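Just so you know, all these numbers are worked out from the coordinates, no wet-lab data involved. Worth saying up front: this structure is predicted, and the values here are computed from it rather than measured. Backbone-built Cβ (ideal geometry, glycine too); neighbour counts: all protein chains shown.
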């Protein structure tokens with residue numbers, strides 16, 4: 001028939017189209033078989049894939065599955081490399097197979113340590129992710145610098161812990177006056193606060209609020225004035241030099257009492273009828289002071305009593321003054337040693353007194369008699385209240401509040417409180433008819449009485465008080481602490 005294909009040609013093309021469809025199906029089935037591992041049946045032939053990869057697909061070619069047209073090749077199969085007359089071989093492009101090794105494996109999954117914990121998700125700013133809020137490791141504070149939550153300096157309102165924003169460094173000599181509220185004769189440095197507060201509603205003190213204060217080796221911070229001093233640091237207090245709150249003979253330390261005054265004042269010496277004079281008594285505080293030496297016919301001034309509490313729980317009072325010389329027989333009056341000062345150091349993070357560092361609140365030595373007169377009694381040591389969560393008093397460091405020695409009859413002055421665990425010596429008599437002064441109190445021994453004679457020596461002053469308050473036991477091995485401190489690990 002002209003103008004159209006013969007029936008046999010149409011039949012052959014139809015078979016070719018069916019064959020192409022079968023091939024496409026076989027390719028797709030082979031792809032899924034490679035993924036899941038299964039078998040299928042095409043034109044009577046089983047094709048299977050072993051999922052463990054040990055075996056391969058049956059060697060039967062895909063073309064073997066398709067019957068060849070009449071007059072086909074020798075092998076009876078369809079040669080797929082040659083396109084049929086209608087160009088249908090273009091449809092035989094093989095798809096790129098995705099192999100199983102390309103699949104994402106479990107080790108690539110996010111592991112638990114990388115997950116953001118629920119606590120990190122609290123109170124995030126709008127638009128911020130938890131990752132944005134995680135600080136880098138170098139911003140995490142070391143454990144020894146972590147401030148104790150809610151730290152408040154003892155005896156004082158809580159705001160002083162954060163009031164000071166200055167960082168003070170003392171390398172030479174600096175003076176703080178608690179009466180005039182002056183730093184080196186003027187206003188305190190910017191960011192420092194120097195003001196007053198009441199302890200327990202009864203004792204007015206000066207407060208120096210800072211962020212950090214460092215007294216370098218060779219430097220001295222001298223504290224003078226009528227009020228006790230509390231230094232409150234929002235961070236650290238480091239003492240490598242000296243903080244001096246001691247009395248110097250008849251001049252009291254800050255908050256200490258003058259001669260023959262204070263809660264533990266020593267009794268005054270007396271003059272008798274026959275040119276005899278008794279010595280003044282030593283002042284008391286942490287213990288009782290010692291009695292003054294008697295004169296010809298009159299007893300010496302009595303030693304002052306102990307006062308306050310060992311833990312300094314409510315206030316931190318200074319030391320008291322020793323009893324005066326008799327002043328009779330044309331001699332000089334006064335002369336009792338003054339009381340050591342009151343010093344509180346409170347640091348919200350760390351307080352450290354390094355080896356060679358000194359914190360001193362010793363009492364003043366009594367003055368010697370003049371013009372045939374008796375000696376004055378020694379002043380008592382003051383008070384040191386040291387507190388911080390981390391409190392270190394290093395080997396070779398010194399923290400003392402020792403008593404002053406009594407003055408010698410017609411002789412020399414007694415020694416100021418020592419920087420040691422042994423007491424200050426009493427003054428020496430200046431005549432064969434006069435007595436020596438008694439020794440001041442210290443850790444290794446209490447104060448001793450003045451010697452009796454025509455002109456008696458003054459009695460020695462007692463130790464003051466030291467309290468160490470920290471979080472746990474403070475480190476004090478090898479340090480010189482006198483008197484023995486009261487330790488309060490209750491922060």
Where the centroid of each part is defined by its Cα atoms, how far is the stretch 415-475 from the stretch 212-237 in Å?
26 Å
Per the Kirkwood formula on distinct C-alpha pairs, the Rh of the stretch 154-491 is how many angstrom?
18.9 Å
Counting only DSSP beta bridges with both residues in the stretch 154-491, tell me the antiparallel percent, nearest 5.
20 percent
For a quick size check, give me the Cα extents of the stretch 216-274 along its three principal axes, largest first, whole Å.
61, 23, 14
Ranked highest first by average number of other Cβ atoms within 10 Å, how do 158-168, 354-364, 188-198 line up?
354-364, 158-168, 188-198
Restricting attention to the alpha-carbon atoms of the stretch 149-266, what are Rg (one decimal) and Dmax (integer), both in Å?
14.5, 44
Relative to the compact-globule estimate 2.2 N^0.38 Å (N residues), the Cα gyration radius of the stretch 263-355 stands at a ratio of 1.43
Give the percent of DSSP beta bridges with both residues in the stretch 187-313 that are antiparallel, rounded to the nearest 5.
45 percent
Expressed as a rounded percentage, what relative contact order does the stretch 445-491 have, with Cα pairs under 8 Å and six or more residues apart?
34 percent
Size of the stretch 403-479 as Cα extents on the principal axes (Å, biggest first):
55, 15, 14
